[in-house]
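All remarks here apply to the structure that follows.
The values are calculated or read from the model by the stated rules, or taken from the named source; none is laboratory data. Owing to the predicted nature of the structure, the values given are computational and were not obtained by experimental measurement. Heads up, the Cβs are rebuilt from the backbone with ideal geometry, glycines too, and the neighbour counts pull from every protein chain shown. When the accessible area is computed, the model is the full protein with side chains, heavy atoms only, and any ligands, DNA or RNA have been set aside. Shrake-Rupley method; radii C 1.70, N 1.55, O 1.52, S 1.80 Å.
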Amino acid sequence: MEPVDLAAPGLSLRPWRVTDTPGVLTALTDPATARWNPQAVTDEAGAAEWLRRRMDADDGAISLAVTDTADGALLGAVSLHHIHGEDAQVGYWTTAAARGRRVATRAVTVLTGWGFDRLGLHRIELCHAVPNVASCRVAERAGYAAEGVLRQSHRYGDGRRYDEHLHARLATDPPPTL
C-alpha cells in the first residue's frame, strides 16, 4: 500500500519515522496510556520494535503518527487494522499533552473517512474498555454508534480483561462535524 498522509484541522497524520522513537517511548510508558494499551513498551528498544511493526506495510494495517501541524510534535497514533474485505477496526492513543484537545476525535474521523473513500470499507468498528470514558467520548464525537457490550473481550495493559463497548460507523452514516 502506498504511504498515507492525511490532514485534520491542526493535525498531520503521517507515516511513522524512526525519529519518532523517543516520543513513542514517552507516550506508551505514560500510566494512563499504558493502562489501555497492552503494548508492554518499557524502553527504547521496545519503542523501536513497536515502530518497526507499524512501519511494516505488509501487515495489512495502516498505522499513522498524529502530529501537530504547528510544531510537528507527536500527539498520538491512529490506525485501521483487522482489515478484511469491507470491514476494519480503528484504534488510537494520545499523548498526555494532547488529552482534552479532541486530537483522537479529529484523527479517527479523518482516517475513517479515508477508509470509506479510498479502501472501499463499509463498516469500521471501535472497541474500548467500558471504564475508559474518554474513549467512549471519542467514539461518540467521531460518529460511531454504540452497538453493545462485549463481555470481558480484551486484556488491556493493566493485565485485566474488561467488558468493552462496541461502536461502529457505516459508510452510509452521515459524517460527524469536526
(request) Hey, can you tell me all the residues within the range 77-91 that are at negative phi and within 17 Å of the chain's Cα centre (by Cα)? (result) ALA77, VAL78, SER79, LEU80, HIS81, ILE83, ASP87, ALA88, GLN89, VAL90, GLY91
(message) Considering only residues that are outside any strand (DSSP E or B), open to solvent by less than 10 Å² (accessible area, probe 1.4 Å), closer than 17 Å to THR172 by Cβ and β-branched (Val, Ile, Thr), which ones fall in the range 103-141?
(response) THR112
(request) Please name all residue pairs, on different chains or six or more residues apart, with Cβ atoms under 7 Å, provided the first residue is in the range 5-17 and is within 15 Å of ALA70 (Cα to Cα) and the second residue is at pLDDT below 95 and polar (S, T, N, Q). (result) none
(message) Tally up the residues in the range 13-31 that are surrounded by fewer than 19 Cβ atoms within 10 Å (Cβ to Cβ) and under 20 Å from LEU119 (Cβ atoms), please.
(response) 2
(message) For the condition open to solvent by 50 Å² or more (accessible area, probe 1.4 Å), closer than 21 Å to ASP30 by Cβ and in contact (Cβ under 8 Å) with a residue 60 or more places away in the chain, what is the one hit in ALA70, ALA96?
(response) ALA96
(request) Provide a single number: the residues in the range 145-164 that are touching a helix residue (DSSP H, G or I) at 6+ places or on another chain (Cβ under 6 Å) and open to solvent by less than 50 Å² (accessible area, probe 1.4 Å). (result) 2
(request) Within the range 142-176, count every residue that is of a type in the set (Phe, Trp, Tyr) and either closer than 13 Å to GLN89 by Cβ or not in a loop (DSSP other than H, G, I, E, B) (or both). (result) 2
